[in-house]
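The values are calculated or read from the model by the stated rules, or taken from the named source; none is laboratory data. Bear in mind the structure is a predicted one, so any value in this text is a computation, not a measurement. FYI the Cβ positions are ideal-geometry reconstructions off the backbone, even for glycines, and counts take in every protein chain you see. The area values use the complete protein model at the heavy-atom level, side chains included, leaving out ligands, DNA and RNA. Shrake-Rupley method; radii C 1.70, N 1.55, O 1.52, S 1.80 Å.
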Amino acid sequence: ILKKKFSHVDIVYSKKPGDILRKKFNVPYDYTFSYRSYIILKSDFLKKIKYSAINFHPAPPSLRGFAPASIAILKNLKKFGSTIHEIDNKLDHGPILSVKYFKIPKNINIKKLLDLTYESQILQIKYFFENFKLKKNKKYKWSKKIHTKKQIDRIMYIKPNYSKTKVDLIIRATKIGKFKPYTIKAGVKKFL
């Protein structure tokens with residue numbers, strides 16, 4: 001789709017994003033699109049973009065920042081989704097262009113919720129590019145609250161007095177890949 005809409009497309013992927021941004025992006029671009037990236041684009045980079053930098057945020061506008069899918073499970077939300085927005089100098093903050101929601105199945109775990117999110121997000125992104133225009137959607141507003149990695153790290157600590165139900169919820173909401181809830185016994189952190 002991108003190659004049909006734009007005359008030149010560079011797709012960049014790196015586990016060391018800072019190096020790529022320094023080497024690859026020293027030339028101005030008309031647009032920059034960020035998908036599943038942990039890179040926070042700084043204002044000096046954003047100034048080089050002719051028209052707009054756009055982020056495909058894997059959560060609705062009510063959930064800004066780190067691990068929004070985990071927060072959705074912990075809060076027992078009934079719906080989740082994704083947001084397409086222009087990037088400005090604040091995290092998950094720029095003008096909203098599109099929001100897509102879906103229902104969250106009961107007792108879902110973080111892996112399955114992320115899989116559903118990415119599937120839904122791909123459809124949203126495809127539709128966005130097929131009908132490409134930068135029209136702000138004033139119906140939606142960003143939450144003022146931003147979730148941080150430190151908050152999620154604190155949530156992942158399972159205290160001895162937690163009920164089985166609470167422990168199960170924390171595991172469903174946070175255990176994925178290298179991220180694992182933990183306990184501390186005799187001063188030693190033990191991952192579940």
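For the residues Ala59, Ala72, the requirement of being under 16 Å from the mean Cα position of the chain (by Cα), small (Gly, Ala, Ser) and assigned to a loop (DSSP other than H, G, I, E, B) singles out Ala59.
Based on this model, can you work out whether Gln151 counts as in contact with a Lys or Arg (Cβ under 9 Å, 6 or more places away or on another chain), part of a helix (DSSP H, G or I) and in contact (Cβ under 8 Å) with a residue 40 or more places away in the chain? Considered against the rule, which asks whether it is in contact with a Lys or Arg (Cβ under 9 Å, 6 or more places away or on another chain), part of a helix (DSSP H, G or I) and in contact (Cβ under 8 Å) with a residue 40 or more places away in the chain, Gln151 comes out as no. Within the stretch 76-85, being open to solvent by 10 Å² or more (accessible area, probe 1.4 Å) and out of contact with any helix residue (DSSP H, G or I) (no Cβ under 9 Å at 6 or more places or on another chain) holds for one residue alone: Lys78.
Evaluated against (1) in contact with a Phe, Trp or Tyr (Cβ under 6 Å, 6 or more places away or on another chain); (2) within 20 Å of Ser37 (Cα to Cα), Lys79 falls short on exactly one condition, (2). Selection within the stretch 132-167: residues that are among the polar types (S, T, N, Q) and open to solvent by less than 90 Å² (accessible area, probe 1.4 Å). The member of this set that is farthest from Pro61 (Cα to Cα) is Ser163.
Out of curiosity, is Lys111 assigned to a helix (DSSP H, G or I), open to solvent by 90 Å² or more (accessible area, probe 1.4 Å) and of a type outside the set (Asp, Glu)? Spelling it out, Lys111 is indeed assigned to a helix (DSSP H, G or I), open to solvent by 90 Å² or more (accessible area, probe 1.4 Å) and of a type outside the set (Asp, Glu). Looking only at residues in the stretch 86-108 that are within 17 Å of the chain's Cα centre (by Cα), in a loop (DSSP other than H, G, I, E, B) and hydrophobic (A, V, I, L, M, F, W, C), the one that is surrounded by the most Cβ atoms within 10 Å (Cβ to Cβ) is Ile87. Beta carbons closer than 6 Å, at least 6 apart along the sequence or on distinct chains, pair a first residue in the stretch 118-140 that is free of Cβ contacts under 8 Å to residues at least 60 places away in the same chain and more than 12 Å from Ile54 (Cα to Cα) with a second that is outside any loop (DSSP other than H, G, I, E, B) and among the aromatic types (Phe, Trp, Tyr) for Ser120/Phe102. Quick one: count up the residues across the stretch 43-69 that are closer than 24 Å to Lys126 by Cα and among the aromatic types (Phe, Trp, Tyr). So the count comes out to 2. Can you say whether Lys126 is modelled with pLDDT under 95 and either part of a loop (DSSP other than H, G, I, E, B) or among the hydrophobic types (A, V, I, L, M, F, W, C) (or both), as far as the supplied structure shows? Answer is no for this residue. From the list Phe80, Phe25, Phe56, Phe33, the one residue that fits, being closer than 22 Å to Leu113 by Cα, at pLDDT below 95 and among the hydrophobic types (A, V, I, L, M, F, W, C), is Phe56. Being within 13 Å of the chain's Cα centre (by Cα) and closer than 18 Å to Tyr140 by Cβ holds for only one residue in Arg36, Arg64, and it is Arg64.
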